[in-house]
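Working notes, beginning with the structure itself.
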Amino acid sequence: MSKTIIKIEDLKRSFTMGEETVHALKGISFSIQEGEFVTIMGTSGSGKSTLLNVLGCLDQPNSGVYQIDGVSIKELTKNELARIRNEKIGFIFQSYNLLARTTAIENVELPLLYSTKTLTAEEIHDKAFKALEQVNLSDRLDHTPSQLSGGQQQRVAIARSLVNEPVVILADEATGNLDTRTSYEIMALFQELNKQGKTILFVTHEPDIATFTGRTIVLKDGHIIQDYINNNVQSAAEALLALPIEED
Amino acid sequence: MRTFLTMLGIIIGVASVIAMLAIGEGSKESIKTQISSMGSNMITIRPGTDVRGGVRLERSAMETLTLNDYKAIEKETKLLTSVSPMVNSGGQSIYGANNWPTSVYGVAPEYLKIKIWDLAEGSNFTDKEVSSAAKVAVIGQTVAENLFKDGESPIGKMIRFNSIPLKIIGVLESKGESTFGQDQDDVILAPYTTVQKRILAITHLESIVVSSISEEEAPNAVIEITALLRKNHKLTTNEEDDFHVISMEEMIKTFSSTSEMLTVLLVAIASISLLVGGIGIMNIMYVSVKERTREIGLRMAVGGQGSDILLQFLIEAMLISITGGLIGVSLGLGATLFIENVLHWPTSVTSSSIVISFVVCAITGIFFGWYPAKKASTLDPITALRYE
């Protein structure tokens, strides 16, 4: 049995908006093992974003259990949460969220600058370089985001999420801003990283993404309505080849 | 570009503080040197004002200072090096076809020592000429220029002052204008006996000028003279002094306090522009935090703590203000040089003024950067990340 990375039990989160209380998550439970590649699906309003915020330690649940890598986050302070985010979680966003006017490698170095580990400038540079190598961007170190294509920018963001060797990578609609071809390229990259043993959680509302992942959790109105293993995982790299070649 | 405009406030503020301080310090120093060039150890004794029959009398009408006082001061004090009585009279000096309105000062030969004044040519009159009330005189440069227009040497020539003939035996070196704008070279010096007897026909003295052995001893010398004169004038303890003893030090104090007030005023005005610069920094930081909300959110998401964000924005604010300060200091120094070389105003840059304006700059950065930075550090990462 492999290690449990994420353990959620009867998790509830509600918001008070004026006089109304909105229950975004109405008690959900699941756990994720090391090395899994999971898609979390749901339409807007399903509680998907709230779950992502909680999973990403940006928000804390009202009740229930959330443990990441054995640490319960319910009682943690803001600064302790920031440390968990830094050490255990790699974020990837729909709109990349790279720092403008900052080179690719400096963007990747960013999480290391907030690390509590004391690293020399050289070590930081080496780690960032290795992360960019993993996403095949080692030839674009000194390019700023405006000089990179969308797919390249997202790969810089992926490198940034990898650099601190997190226990889980959280991708929020990571292909949402990309065309089909580039999406498949990114998915192929995720599959590659997953093969190397990375645990990846992919939040999306596009059903075809789920065909590339080993497990799918479907949310609706704050409940989990489906949680199934995909026995027929497609290869994104093959899907890429199958795409009709575009004519310029 | 925007950052530069923000900096401009700080730059102008710092530059003007430096330039204003330099002007203030400069004028203070030039007053000091000018007053001490008049003789820094000099002490002047003048008759005091008095009330007779309810009427306050003009100082020149007082006849409380006499030759006896002069002699007593000369003999009985220990802290003085030179003593000279002084009487003066205004009038017209005439030589040939030229004439010139001036004043004649009746003094003792020591007067030149007290004033630290040298002769350009000729010689000073002697004690012997004083006791015989000889009709000799030493003239200042202005008088020499106006009476002897052809460049002929005045030595040995006879001039007339208010119809009294005086033989010129010496010409004084030029001393220029005094701090108070008075031409110090527009003067004729003659033995006090000559002026007393032949020109004014009086027996009292208008003032006595003395010099103390050192600048430090001047206050003690003032005390010594006061005690001596009170005794000689037979004043009882509850009677007021019928004379005034004024040392140069007191005059320096009076005039520096005036220019000090001026400096404070100038710096206050300059500080206002520094304050405005600070508000500019606050404004730009505020806009910057708003614009970079997503960046702040991202930094928090990858593990930046509130304190990291706070520090980042504080350092940015400080960088702006310190860079502005640096440019301001160099600009202020440039302005000071310009004032000195083009406008010929006396200036003096003190290192403390540079250090102070620099520190004030850094503090301005922290002070006005704090609020926007604090705001940035307390943002909620979820909202910050979704901010458009």
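The values are calculated or read from the model by the stated rules, or taken from the named source; none is laboratory data. The structure displayed is predicted, hence computed values, not measured ones. Cβ placement follows ideal geometry from the backbone for every residue including glycine, while neighbour counts extend to all protein chains displayed. For accessibility, only protein heavy atoms count, side chains too; no ligands or nucleic acids. Shrake-Rupley method; radii C 1.70, N 1.55, O 1.52, S 1.80 Å.
Things to note:
- Antiparallel content of DSSP bridges confined to the stretch B:80-212, in %, to 5: 75 percent
- Couplings 3J(HN,Hα) of the stretch B:338-355, computed from phi: 4, 4, 5, 8, 9, 8, 6, 8, x, 9, 7, 8, 9, 5, 5, 5, 5, 4 Hz, in residue order, whole Hz [Karplus 6.51 cos²θ - 1.76 cosθ + 1.60, θ = phi - 60°; x for Gly and Pro].
- Sparse-neighbourhood loop sites, GluC sites (Glu not before Pro) in the stretch A:1-106 - DSSP loop, at most 12 other Cβ within 10 angstrom: A:Glu19, A:Glu75
- Shape category assigned to chain A from the gyration tensor of Cα positions, a/c cut at 1.5: oblate
- Result for chain A in a Gaussian network model with C-alpha springs under 10 Å: among A:Thr116, A:Thr199, A:Thr211, the largest mean-square fluctuation is at A:Thr116.
- Phi-derived couplings, Karplus 6.51 cos²θ - 1.76 cosθ + 1.60 at θ = phi - 60°, listed residue by residue for the stretch A:185-194: 4, 5, 5, 4, 5, 4, 4, 4, 5, 5 Hz, with x used for Gly and Pro.
- When the stretch B:80-212 is described by a simple charge dipole with +1 on each Lys and Arg Cβ and -1 on each Asp and Glu Cβ, the residue from B:Asn99, B:Ala134, B:Ser153 located farthest towards its positive end is B:Ala134.
- Counting charges near A:Lys12 (Lys, Arg +1; Asp, Glu -1) among other residues having Cβ under 15 Å from its Cβ returns a value of -1.
- HN-Hα J in Hz across the stretch A:110-117 - Karplus 6.51, -1.76, 1.60, θ = phi - 60°, x for Gly and Pro: 3, x, 5, 5, 9, 6, 7, 5
- Folded to 0 to 90 degrees: helix B:2-37 orientation relative to chain B principal axis, Cα: 20 degrees
- The stretch A:180-248: GluC sites (Glu not before Pro) in DSSP loop, at most 16 other beta carbons within 10 Å: A:Glu246, A:Glu247
- Solvent-accessible surface (1.4 Å probe) assigned to B:Lys135 amounts to roughly 90 Å².
- Heavy-atom SASA rank of B:Lys149, B:Lys32 (probe 1.4 Å, accessible area, largest first): B:Lys149, B:Lys32
- Whole-percent carbon and sulfur share, accessible surface of the protein assembly as shown, 1.4 Å: 55 percent
- Degrees between helix B:67-76 axis and first principal axis of chain B (Cα, 0 to 90, nearest 10): 70 degrees
- Orientation-averaged projection of the protein assembly as shown equals 50.8 nm² [convex hull of Cα atoms, one quarter of hull surface area].
- Considering only B:Ile116, B:Ile281, A:Leu52, the residue lying farthest towards the positive end of the dipole of the protein assembly as shown is B:Ile116, judged by Cα position with unit charges set on Cβ.
- Heavy-atom accessible area for B:Ser132, with the other protein chains in place and a 1.4 Å probe, reaches approximately 70 Å².
- For the residues A:Ser146, A:Ser31, B:Ser256, a 1.4 Å probe over the protein chains yields an accessible-area ranking, largest first, of A:Ser146, A:Ser31, B:Ser256.
- Over 26 Å (Cα to Cα) - which of B:Lys113/B:Lys197; A:Lys78/B:Lys375; B:Lys75/B:Lys197; B:Lys175/B:Lys231; B:Lys128/B:Lys157; A:Lys7/A:Lys88 fall in this group: B:Lys175/B:Lys231
- Solution diffusion estimate, µm²/s, Stokes-Einstein, chain B, Kirkwood Rh from C-alpha pairs, 4 °C, viscosity 1.567 mPa s: 50 µm²/s
- With one equal scatterer per alpha carbon and no solvent term, the Debye-computed log10 I(q)/I(0) for the stretch B:79-118 at 0.26, 0.29, 0.33 1/Å reads -0.87, -0.94, -1.03.
- Interface residues in the stretch A:104-125 - accessible area drops by 50 Å² or more relative to the isolated chain, probe 1.4 Å: A:Tyr114
- Relative packing of B:16-23, B:374-381, which averages over residues the other C-beta atoms within 10 Å, highest first: B:16-23, B:374-381
- Chains A and B together bury some 1700 Å² of accessible area, summed over both sides, with a 1.4 Å probe.
- Counting only heavy atoms of the protein chains and using a 1.4 Å probe, B:Leu331 has close to 100 Å² of accessible surface.
- Charges were assigned to the Cβ only: +1 to each Lys and Arg, -1 to each Asp and Glu. The resulting dipole of chain A about its Cα centre is roughly 720 debye.
- For the peptide A:48-60, the mean number of other protein chain Cβ atoms found within 10 angstrom of a residue's Cβ is 2.
- A:Met17, B:Met318, B:Met1, reordered so the largest accessible area comes first (probe 1.4 Å): B:Met1, A:Met17, B:Met318
- The alpha carbon radius of gyration of the stretch B:80-212, expressed as a multiple of 2.2 N^0.38 Å, is 0.97.
- Within 10 Å of each Cβ in A:79-87, the average number of Cβ atoms from other chains: 4
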